[in-house]
Amino acid sequence: MQTSGTVAFYTLGCKLNFSETSTIARSFKAAGYVETSFDNPADVYVINTCSVTENADKKFKTIVKQALKYNPEGFLVAVGCYAQLKPEELAALDGVDLVLGANEKFNVVDFIADAKATTAAVHACAIDAVEQYVGSYAIGERTRAFLKVQDGCDYKCTYCTIPLARGISRSDTLENIVRQANEIVDQGIREVVLTGVNIGDFGKGEFGAKKHEHTFYDLVQELDKVPGLARIRISSIEPNLLRQEVIDFVAKSTCFVPHFHIPLQSGSNDILAAMRRRYQRELYEKRVAQIKDRMPNACIGVDVIVGFPGETEAHFLETYHFLQALDISYLHVFPYSERTNTLAASMSNPVPKEVRTKRSKMLRGLSLKKRRAFYESQLGTTQEVLFESENKQGFIHGFTPNYVKVKTFWNPTLCNTIHRVNLTKIAADGLVEFKFVTEAVSTLI
Ligand code: SF4
């Protein structure tokens, strides 16, 4: 069967998926395959799937059709969360040749070599047999890297399928992560985004070793020492796992940026209980206060779900007013989406879809106000901006450490460089304009 040729990748979902696609791509390269872009004819297509919402499933089917349009003979492989959750459903789709689960996805090259050109092959073991950990990182557009530090989750939030798709909480060794961080720096990348499923639960070993070898705080301290790493961003962390010692460390670190993305999900303690979240809103409020006390300019992003079963208008308004009063910077709003095999999917009092949409709209409106207020609070400050590498309709964008998005006229010499700037005003599109204060603080390749 196929042992070399061209291969194209398409990744759906989270930063963790992107980091894993990169690791899989490196294994193809090592086997002699040549990577091509997904909108080209390829011998092999690998789609790394997501299943966090209904739309993610639908998106997969569209991408399969897209691949077959470019090469109807292409050998199509599905990996990732949707592949682990519903392997037979994917295998039944026209054009899908191989479906690999969470344990098997990193051995795609071998499975393709063994694949017999008959019906679609499925290799996905039961999720409770998924215990191995494979380190990964992805270098997106050469500006920043997504570094996987943890996988799986031991929590049982009633709306979530991730534990069913990725298995138990487990993580890499400190040594391995530091080695990968050095590899990333050697490739000229100065910003790393720590990613995983429940990274605050870092430290649980492979093969079900329940005891924490190390803590997230240990990891943070080790990474802070990596020479040449200008910035480290924590992608998302559970409020009950974001300890004061980590907040204090980030506050004094020159490497960790003052940007926290913390899932809240609801501002109503009744709904938090029904979601089986491990905190009440008072703890969330306290976390925000702890961060702002140590880092008044910190950026705080919030995940929130609207329309969870049983969420009344009163519960929703509790969430709205709670968020309105909190000193946070932006929201990621998710209308509740029933997921198979989750407890919430069979809960009573489902909220009508149009009400979910209306509530999402209200919170997205609030998010715009919060982001604007946060950006206004940063005008006049001097910040170091890491510029991206894409020409966006004649402009180049960049981010400050506290996640303020800036723009200026396209200038290729700015790509992947860090410059000190003074933030001057908010443009009509909501991005921030600035004046340069100094030449490049550090040039990246
Ligand atoms: S913490 Fe909850 S929402 Fe997050 S991955 Fe685990 S089960 Fe899902």
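The values are calculated or read from the model by the stated rules, or taken from the named source; none is laboratory data. Because the structure is a prediction, the values reported are computed rather than measured. Quick reminder, even Gly has a Cβ in these numbers, built from the backbone with ideal geometry, and neighbours come from all protein chains shown. The accessibility values were calculated without ligands, DNA or RNA, using every heavy atom of the protein model including side chains. Shrake-Rupley method; radii C 1.70, N 1.55, O 1.52, S 1.80 Å.
Taking amide H as placed 1.01 Å from N in the peptide plane, the amide H of Val99 sits under 5 Å from that of Ala78, Ala121, Val122, His123, each at least 5 places away or on another chain.
List the trypsin sites (Lys or Arg not before Pro) within the stretch 257-330 that fall in a DSSP loop (any state other than H, G, I, E or B) and whose Cβ has at most 16 other Cβ atoms within 10 Å.
Values: sites: Arg276, Arg277, Arg278, Arg281, Lys286, Arg287, Lys292, Arg294; in loops: Arg276, Arg277, Arg278.
Those satisfying the criteria are Arg276, Arg278.
Could you give the C-alpha radius of gyration of the stretch 243-362 expressed as a fraction of 2.2 N^0.38 Å, taking N as the number of residues it contains?
So the Cα radius of gyration is 1.16 times the expected 2.2 N^0.38 Å.
Helices in the chain, meaning DSSP H runs of at least 4 residues, each add -39500 (n - 2.57). Divided by all residues, the mean residue ellipticity at 222 nm is -10000 deg cm²/dmol.
In the chain, what % of DSSP beta bridges are antiparallel (nearest 5)? Display every interim value, and only then the final one.
Details: 28 of 70 bridges.
Close to 40 percent.
Here the chain has an Rg and Dmax of 22.2, 65 Å, counting Cα atoms alone. In this structure, the residue pairs whose Cα-Cα separation is over 25 Å, taken from Lys15/Lys435; Lys370/Lys405; Lys286/Lys435; Lys292/Lys369; Lys58/Lys105, are Lys15/Lys435; Lys286/Lys435. Would you list, by chain and number, the aspartates and glutamates whose Cα falls below 12 Å from the Cα of Lys407, excluding same-chain residues fewer than 8 positions away? Answer for Lys407, where 12 Å is the Cα cut-off: Glu388, Glu390, Asp429, Glu433, listed by chain and number. Each residue of the stretch 34-43 was assigned a 3J(HN,Hα) from its phi angle through the Karplus curve 6.51 cos²θ - 1.76 cosθ + 1.60 (θ = phi - 60°); the sequence is 10, 7, 10, 7, 5, 9, 10, x, 9, 6 Hz, with glycine and proline shown as x. With an a/c value of 1.5 or above and a/b larger than b/c for the gyration tensor axes a ≥ b ≥ c computed over the alpha-carbon atoms, the stretch 133-257 is described as prolate. For the stretch 32-134, GluC sites (Glu not before Pro) meeting the loop criterion (DSSP other than H, G, I, E, B) and having at most 10 other Cβ atoms within 10 Å: Glu73. Ligands, DNA and RNA left out, the accessible area of the stretch 6-125 computed with a 1.4 Å probe is 54% carbon and sulfur.
Considering only Cys160, Cys255, Cys125, the mean-square fluctuation computed in a Gaussian network model of the chain, springs between alpha carbons under 10 angstrom, is largest for Cys125. Residues whose amide H lies under 5 Å from that of His332, counting only those 5 or more places away or on a different chain, are Val302, Asp303, Val304; hydrogens are built 1.01 Å from N in the peptide plane.
The Cys residues in the chain with no partner Cys Cβ within less than 4.7 Å of their Cβ are Cys14, Cys50, Cys81, Cys125, Cys153, Cys255, Cys299, Cys415.
When only DSSP loop residues count, what trypsin sites (Lys or Arg not before Pro) in the stretch 62-124 have their Cβ near at most 15 other Cβ atoms within 10 Å? Mind showing how you got there, number by number?
Details: sites: Lys65, Lys69, Lys105, Lys116; in loops: Lys116.
Those satisfying the criteria are Lys116.
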